[in-house]
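Take a look at the structure set out below.
The values are calculated or read from the model by the stated rules, or taken from the named source; none is laboratory data. Remember, it's a predicted structure, so these values are computed and weren't measured experimentally. Using ideal geometry, Cβ is built from the backbone for each residue, glycine included, and neighbour counts are taken over all protein chains shown.
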């Protein structure tokens with residue numbers, strides 16, 4: 001069964017791809033490629049939700065979000 005992608009999904013996916021590229025640079029393609037064979041839906045979910053919906057929320061710039069992410073990971077041990 002072929003999945004139908006509406007315009008808002010395509011926009012979210014594209015936004016997520018752009019944001020991931022800003023965060024990870026050239027390594028972004030490797031991240032998505034590594035998920036393509038084992039969990040393609042997870043890769044799409046990560047792009048649309050984490051990198052499009054969450055990372056593009058207003059209020060913080062990308063540098064601030066990255067600092068908060070690193071801090072949260074550090075305090076977890």
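Data for the structure
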{"item": "Residue match in region 54-65 (condition: surrounded by 10 or more Cβ atoms within 10 Å (Cβ to Cβ), part of a helix (DSSP H, G or I), in contact with a helix residue (DSSP H, G or I) (Cβ under 7 Å, 6 or more places away or on another chain) and in contact (Cβ under 8 Å) with a residue 40 or more places away in the chain)", "result": "yes"}
{"item": "Search result, residues across region 23-43 that are under 17 Å from residue 55 (Cβ atoms) and part of a loop (DSSP other than H, G, I, E, B)", "result": "25"}
{"item": "Every residue from region 34-53 that is modelled with pLDDT under 90, surrounded by 13 or more Cβ atoms within 10 Å (Cβ to Cβ) and out of contact with any helix residue (DSSP H, G or I) (no Cβ under 9 Å at 6 or more places or on another chain)", "result": "none"}
